[in-house]
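Working notes for the structure below.
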Amino acid sequence: MAADRNNNISGTIKAISKRLFSFIKSRVASTEDAEDILQDVFYQFAGNTQPIEQASSWLFTVARNKITDSYRKQKLPLADDVLGTTETAEDSFNWKEILLPDDTTPETAYLRNLFWEELNQALDELPAVQREVFIQNEIEDIPFKDIAAKTGVSVATLISRKRYAVLHLRDRLNVLKDELLNY
């Protein structure tokens, strides 16, 4: 009985693996991610103890769910992304040094105020839904799940809104950074 089950699993995997891999690969960023997801799908298929009537449909559904899960697990844009932490040796401008200095000087206090003014103006330019999710998640440190429960908006939508906010804020703060570096 176990040998028949293993042959059935192996046969199904052989029959559908190329199509399923193409399906996954077209929806993820890299071949490695697609291979990982495919492996997870087949692992779940092999470990399933319930009878599956439509194996092909079941596998594609599981693959779609795994792809969605992988997007949710990816690093979300954070304030670090907005503040820019990828400087080269020539371009060593770090917002954190201004916002979180060990000692406060008149210059750092002025720059901190300038930063917050620019950030507030940039936030005001955002659509209300993007601004609110950014403020709640990044500044008030409210998890997406809690925001979703309170507002009735899906976590995926909230993540998308925050992403657009981060992209806009990054552009706006880069303008300020360029002005400060070229002054």
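Note on K145: accessible area approximately 150 square angstrom, rounded to 10, probe 1.4 Å, nucleic acids and ligands left out. R19 contributes an accessible area of around 140 Å² to the protein surface, as traced by a 1.4 Å probe with all chains present. The 1.4 Å probe gives accessible areas that order W116, W58, largest first, as W116, W58. Once the C-beta distance of D146 and I9 is scaled by a Förster radius of 41 Å, the resulting FRET efficiency is 0.50 to the nearest 0.05.
Measuring r between the beta carbons of T68 and E107 and using R0 = 45 Å, the FRET efficiency lands at 0.40.
Given their separation in residues at 0.36 nm each and the Cα-Cα distance between them, L167 and S30 gain 47.1 nm when the chain is fully extended. Within the shell defined by Cβ-Cβ distances under 14 Å, the residues around K150 carry a net charge of -2, with Lys and Arg each +1 and Asp and Glu each -1. Only protein heavy atoms count here; on that basis, with a 1.4 Å probe, F115 has an accessible area of about 10 Å².
With both labels modelled 7 Å from their Cα along Cα-to-Cβ, the A156 to A128 distance reads 2.6 nm. Between Q39 and L180, the modelled labels are 4.3 nm apart [label points 7 Å from Cα along Cα→Cβ].
The values are calculated or read from the model by the stated rules, or taken from the named source; none is laboratory data. Fair warning: this is a prediction, and the values are worked out from it, not measured in the lab. Please note: Cβ atoms are built from the backbone with ideal geometry, for glycine as well, and neighbour counts cover all protein chains shown. Accessible surface is based on the protein model in full, side chains and every heavy atom, while ligands, DNA and RNA are left aside. Shrake-Rupley method; radii C 1.70, N 1.55, O 1.52, S 1.80 Å.
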